[in-house]
Protein chains: 2
Amino acid sequence: MNTFFSFVANSIFSWRHRCVALLYRKPLFNFFLSHTTNTKHVKFKLVLLVCLVWLNSTAQQATWIWYPGDFEINLANKMQNRRTDRNTFFPPFWKMDAHYVLMDFHKVFDLKAPEEITVYAEGTFNLKLDGNAFESGVNKITVPAGKHKINVKVWNEGSVPAIFVHGKTILSDNTWLVTFEDKEWIDESGKTSDISATKWLNAGSWNFDSPSQLPSKFKLPTKPLLAVNKTVSGNITLVDFGKETFGFIKLHNLKGNGKISIYYGESKEEALDAAEAMTLDRLSINQSEARDSVMPLSKAFRYVNIIKESGDISFNDVSMLYEYADVKQRGSFTCSDDEINKILDVAKYTLELNTREFFIDGIKRDRWVWSGDALQSYLMNYYSYFDNPTVTRTIQALRGKDPVTAHINTIVDYTFYWFISVYDYYLYTGDKKFIEQIYPKMQTMMDYCLSRRNKNGLIEGLSGDWTFIDWAAGLSKKGEISFEQLLFARSLESMSLCANILNDKSKAATYKKLAADLKAKVFSIYWNNQKQALVHSRVSGKQTDNVTRYANMFGIFFNYFNETQRQQVKKSVLLNDNIQKITTPYMRFYELEALCAMGEQDYVLKEMKDYWGGMLNLGATSFWEEYNPTQSGAAHLAMYGRKFGKSLCHAWGASPIYLLGKYYLGVKPTSAGYTTYVAEPNLGGLEWMEGKVPTPDGDIELRMSATEIKISGTCGTGTLKFKSKSKPITAVGDITDKGNGNYELVIEKGKSYTVTYN
Amino acid sequence: MNTFFSFVANSIFSWRHRCVALLYRKPLFNFFLSHTTNTKHVKFKLVLLVCLVWLNSTAQQATWIWYPGDFEINLANKMQNRRTDRNTFFPPFWKMDAHYVLMDFHKVFDLKAPEEITVYAEGTFNLKLDGNAFESGVNKITVPAGKHKINVKVWNEGSVPAIFVHGKTILSDNTWLVTFEDKEWIDESGKTSDISATKWLNAGSWNFDSPSQLPSKFKLPTKPLLAVNKTVSGNITLVDFGKETFGFIKLHNLKGNGKISIYYGESKEEALDAAEAMTLDRLSINQSEARDSVMPLSKAFRYVNIIKESGDISFNDVSMLYEYADVKQRGSFTCSDDEINKILDVAKYTLELNTREFFIDGIKRDRWVWSGDALQSYLMNYYSYFDNPTVTRTIQALRGKDPVTAHINTIVDYTFYWFISVYDYYLYTGDKKFIEQIYPKMQTMMDYCLSRRNKNGLIEGLSGDWTFIDWAAGLSKKGEISFEQLLFARSLESMSLCANILNDKSKAATYKKLAADLKAKVFSIYWNNQKQALVHSRVSGKQTDNVTRYANMFGIFFNYFNETQRQQVKKSVLLNDNIQKITTPYMRFYELEALCAMGEQDYVLKEMKDYWGGMLNLGATSFWEEYNPTQSGAAHLAMYGRKFGKSLCHAWGASPIYLLGKYYLGVKPTSAGYTTYVAEPNLGGLEWMEGKVPTPDGDIELRMSATEIKISGTCGTGTLKFKSKSKPITAVGDITDKGNGNYELVIEKGKSYTVTYN
């Protein structure tokens, strides 16, 4: 608590952290409330109250604002165009959208007293008060008392039009409205047009809270890191940073005349293989005075191999600037099994490295934003950072702009994951405003999908569509694939849910019906009673023989099977070694989720130790894009037909974060933003475990051993569900006996519960 | 001929003019052909032949290329955001689109010998040969003999991705293909995806024919111009440039410390009215050494009023840099009436001033691209510059990009003019490639229009739509307006014609049927037998009483009336003074066109002298946005509720260029690109007239007096149509008697005809 308190205290006096402090207003308030019944520490609580009053007084704060999605799309363009492949610029192969170049921002204020405001803009702008423009160069005006409308219209081709407006009460924030076409013209008599049909959205913003913090200049922060080992042999310097990392290599006191090449390696083998290393830098040096040289592009590596190619060059050290996203770890998990703790540490580090401007797939190769990969990062994020901006930024970047000319990342399944991720986000965060703003783009994206159904009303990859599913040898992508229909049905359900949130009843009904029809079709077409499973596909109207895990495992946690089918699928597919094994952590995520959803936590724990533990045993310092335990040696590094093609730090490798939070601590929201939630802890063979699950309003803390469960939460109303052989005991609250050894306890916010059970 | 010959000769040795010379290849060849039967000037013809061979050998020339429309959209953004209103930045109120930020360019070459190429790009790029990328920094490679594919992929957020590739035979030009989404990915085995569904367009280009001539740096040329009068009185310097002009004011030997304001005026009244002048500059000077100072923004003016506001400032002269578009005058018209010649001169100057990066509306106020205004400029252009790039650039800029979120310029009628202008362009130029490239955008634009019909299948302005029609006092915009339906029907016909050009038979039939149905509806709803006219509108299902000129005059030259209706409309509307008069040159354009189409050239000539002559009598040096002969004094300057709101140099004021070319010289294409055409000259009361009408392959020259018609053309096959009381005589060709004193003569290309008639 002292740490937390001192953080809050520091925040008060630090402008830089003020916005972070603001995030803590609500948890702080909850904390305060939960302790008002306790009479101890009166002085401490007084200070707390002062903090709260101060935080509320400064809650109104100006921030840079823009058209929602534009900063995100622009930043994604910048980031995704930083990929290089052996020193070649390697951009994405899908459409990259651009920001709107002309933007109108406005808000109406009702002032008690006249107020001076200052306006900053990224771009050429004009400033209007009640429709009257000021001359160019004026950015400080006094707004008289009363009701007044302020407009700022900004044009910027090179970067996103953005404004920062700062007065006593007039502040730019996301309550301002924006449009890319105000449709406000003047007729020959001087009369202004009717603008009632102009469509406005709420401005987008993030954390650019001072005039000088320009959104266009955004860069991730860096910090210096030293190498753990350096060996020099002739012209070759091999540097080891001890573990997978990401950043800018720095050569110290570089001087001389000649050429240097720097080969980066996630493995030692890669760094040492000048012909095959995936990334590299070439330097031409001509400087007689020694000076430090930082590479222009950040890269992923553990090893760097610096070769003096020609001339006479010297440098006396190599270090790096570690580049990271400034997100805070809120979730936690510790347990009695050290290997699991180690796996979780490496998983967290893997997610940390892949959490950058956006949730990316892997840090070495493409560093792009992929919808299927991102969805998993979102889910892990809900059990670690609970950082909404990184989620919404990624969702916006993936969606880009209309018109829709291809699937997201060109991948059919990735479009579907996108829909699903939007509803997931709402469920975890309760951020209705985001749904409201993104809904039009959800509709046009769904129109695109609906327009691409085949004559049977099913999704079947058309020319130019990538049907991905998974990296798996020999996996058929032909015909109507059951897995794609399941994702499509779930997407339609997500659309229906989002339409309902926004009270668009008619659309909600339409999407619901489409989903129900498709689900019915899925079972009539793909369910095979003999195989007791959904088959993989239908080709030319005929069910194929093949059963794969994909549709079957998604069917489990989508809750599409009846209980009989669930048990059949578990046996005939999930626990059946004759069904093609999954070798990517990407699909192991869902496979293990399906098993957890069926209460197989004991089994999954062993699988986790086996699979993720297997990578650790091979020396992994972050988790990989693909891991096939049956392979050995160099095969672990190769992929895409290239010797070092595989990414050794891939976000989808970090899924234990999600599995342990959702299925062992067992905490998940049951209504938006954790207004209600369940905690259904499952030790899965562990002696004990403890951890925190973040929510929009503070954390849910839980500790479980074989005989005791402790739980408290600062948000919503939870239901603790657990089994006990004997009647469990609690000092706070009333435990309900649900029969068959099942018990439930309602968890009210601000209260701590200790349940004794066995 | 000597001038022409020396121009060709010079061109050979001037790289700068080479592209211009290339434009003359075809006319030169035609000229050569037409003189091969003549044995004179053998030496001259030999030189001509050498020129031709040389021109053909250099026909292949590299040029900067981009995604078609992107340079245009970007340039339009720049130009349209140069509007200022009393020193306030004043941007458009419609959506401004941005260029695609990531672009792939490619072409397959089949080389006889290895060839070195150099690649230049605007943006970060990679270069691939047969799918294999070179390292960054490589822009010079050798392409081996045989068949090879070259790709250049460019990313640029600030300006349009563009490339310039230069080898012996490998040259960037509009035969290269471009896409904003290549959809080329690599699977886990290293296999490249199927890209057969990727959509490619031909690259866009213009005249950036050297590596250093960057498209992003494009600026119109300027030349110095001196003032004709300067009066100094205290702190005020009033400068008169003698006539309406456009450019950058230059203060010579400016020095001192203080502030200056410059007020621009199209009229002396405006320049002298510091409180009401529409445009102005403010300068803060602090320089002890005298130096020339050129204003950063070009402006429209005849007068400038320079006021030393404060401090001690001196300058010893004021001049300007005249900014202009480098287009060549090809059409001409001269006649026996000096007033008409003067009107045409001022019309040409008016069009010259408004022909800039695009065809704009007027040079003073908004300097924007407006579809209705532009269509008239295109038509004038076909009888003057015949400059295709300015037309297609304007069409592209107006259309912007998908999705369509509003009408073009937000104006319903302006969307319709856009469709019509595209087909017009094809008819005059025969540029099928342009139709092919713009057709997808025509379809989505038409989808938008079709989606906005009311329950009766008619266009009725929705909230946010601007129904413009014309600036006319009290003109009703309510309900279903007949004029809009006519334009809509014509647009559908244009769509059908374009679909046919591209062999899209099914769409062609759909659009044709929609047009026919709408036309039938127009006559059943709006035709009033008693009024012998189309009424103005229907409100709440009831025909209104009002008859306006708009629908009726368009019905004439759209050829929508039967002969009886035509004559009725002429009498009851066009020549009926009780119908509200038109006061804008904009609609006078169509009114006079309708009368000309009915053979009323004598009447129209008088109207022209009266209306345009009227402006000249009031001292106009360019033609105005609006002219109401019944007004006087200051009323001629006011508009939009502002004292000097009216533009005194508006493109739509220049229509005599079009009327005289199309309806007096009487030349117009009857099939695309003047493959066939008619010349139906009509003196309209003049003693004689002569002139040239440009075509894609040289000019059609015509001279007519009361007794003689001379005609020759270097393109297509023409039909000269004329009336004669006695049997006309020609030495070349055979005149056909069409009865009733009507005669026709077929005009073959390269031949000259002299017809004697009376």
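Here are some notes:
- Interchain or long-range residues, amide H under 5 Å from A:Phe359's placed H: A:Thr394
- Farthest towards the positive end of the charge dipole of the protein assembly as shown, among the residues B:Tyr611, B:Pro681, A:Ser212, is the Cα of B:Pro681, using unit charges on the Cβ of Lys, Arg, Asp and Glu.
- Counted by Cβ distance under 13 Å from B:Asn316, the other residues give a net charge of +2, where Lys and Arg count +1 and Asp and Glu count -1.
- 3J(HN,Hα) couplings calculated from phi for segment B:683-688 with the Karplus curve 6.51 cos²θ - 1.76 cosθ + 1.60 (θ = phi - 60°) are, in sequence order, 5, x, x, 6, 6, 8 Hz; Gly and Pro show x.
- Distance between modelled label sites at B:Glu116 and A:Asp602, nm, 7 Å Cα→Cβ extension: 7.6
- Highest-first packing order for the peptide set B:176-187, A:219-230 is B:176-187, A:219-230, based on the mean count of other beta carbon atoms within 10 Å.
- For segment A:598-635 versus segment B:273-347, the gap between their alpha-carbon centres in whole angstrom: 76
- Amide H contacts of A:His536 (H built 1.01 Å from N, under 5 Å, at least 5 apart or other chain): A:Asn546, A:Val547, A:Thr548
- Neighbouring partner chain Cβ atoms per residue of A:187-198, average, 10 Å criterion: 5
- Residue-by-residue Karplus 3J(HN,Hα) for segment A:313-318, coefficients 6.51, -1.76, 1.60, Hz, glycine and proline x: 10, 9, 8, 10, 6, 10
- Charging the Cβ of each Asp and Glu at -1 and of each Lys and Arg at +1, and nothing else, the dipole of the protein assembly as shown about its Cα centre rounds to 760 debye.
- Distances from A:Glu687 to itself in the other copies, using label points 7 Å out along the Cα-Cβ axis, amount to 12.1 nm in increasing order.
- Relative contact order of segment A:667-756, pairs being alpha-carbon contacts under 8 Å that are 6 or more residues apart, as %: 26
- Mean-position separation - Cα centroids, segment A:218-244 and segment A:74-128, in angstrom: 35
- Whether segment B:65-217 is rounded, prolate or oblate, judged on the alpha carbon gyration tensor where a/c under 1.5 counts as rounded: prolate
- Copies compared at A:Asn316 - label distances in nm, ascending, label defined 7 Å from Cα in the Cβ direction: 6.1
- Over 45 Å [Cα-Cα, chain A], rounded percent: 29
- Pairs of Cα atoms farther than 25 Å apart, segment A:458-599, %: 28
- Residues whose placed amide H lies under 5 Å from that of A:Arg86, excluding near-sequence neighbours: A:Thr279, A:Leu280
- Across all Cα pairs in the protein assembly as shown, the calculated P(r) in 10 Å bins from zero up to the longest distance comes to 1, 7, 13, 17, 18, 16, 12, 8, 5, 2, 1, 0, 0 percent per bin.
- Computed E for B:Phe218/B:Gln61 - FRET, C-beta separation, R0 25 angstrom, nearest 0.05: 0.85
- The alpha carbons of segment A:332-662 give a radius of gyration and a Dmax of 19.2, 58 Å, in that order.
- Sorted shortest first, the separations between the B:Gly614 label point and its copies elsewhere in the assembly read 9.1 nm; each point sits 7 Å from Cα along the Cα-to-Cβ line.
- Solution diffusion estimate, µm²/s, Stokes-Einstein, segment A:345-488, Kirkwood Rh from C-alpha pairs, 37 °C, viscosity 0.692 mPa s: 205
- Listed values for segment B:736-745 are Karplus-derived 3J(HN,Hα) couplings in whole Hz (6.51 cos²θ - 1.76 cosθ + 1.60, θ = phi - 60°), namely 9, 8, 9, x, 6, x, 9, 10, 9, 9, and x replaces Gly and Pro.
- Estimated inter-spin distance, B:Thr175 and B:Ala520, nm [label 7 Å along Cα→Cβ]: 4.9
- A:Gln567/A:Val228 FRET efficiency (R0 60 Å; Cβ-Cβ; nearest 0.05): 0.75
- In the calculated pair-distance distribution of segment B:233-321, the portion above 18 angstrom amounts to 37 percent of the Cα-Cα pairs.
- Calculated FRET efficiency for the pair B:Asn235/A:Lys149, C-beta based, R₀ 51 Å, to 0.05: 0.85
- Around A:Ile262: net Lys/Arg minus Asp/Glu count, Cβ-Cβ under 13 Å: +3
- Computed extension gain for B:Val138 through B:Glu748, at 0.36 nm per residue and net of the alpha carbon distance, reaches 214.2 nm.
- Residue order, fewest to most beta carbons within 10 Å, for A:Trp688, B:Trp652, A:Trp471: A:Trp688, A:Trp471, B:Trp652
- Available extension along the chain between A:Asn257 and A:Asp338 is 24.0 nm, counting 0.36 nm per residue and deducting the alpha carbon span.
- Candidate lysines - alpha carbon under 24 Å from B:Lys542, same-chain residues fewer than 8 apart omitted: B:Lys455, B:Lys477, B:Lys478, B:Lys519, B:Lys521, B:Lys531
- Counting Cβ atoms of other protein chains within 10 Å of each Cβ in B:74-86 and taking the mean gives 2.
All of the numbers you see were taken from the coordinates with simple rules; none came from a lab. Here the structure is a predicted model, which is why all the values come from computation and not from measurement. Counting neighbours? That spans all protein chains shown, and the Cβs are built from the backbone with ideal geometry, glycine included.
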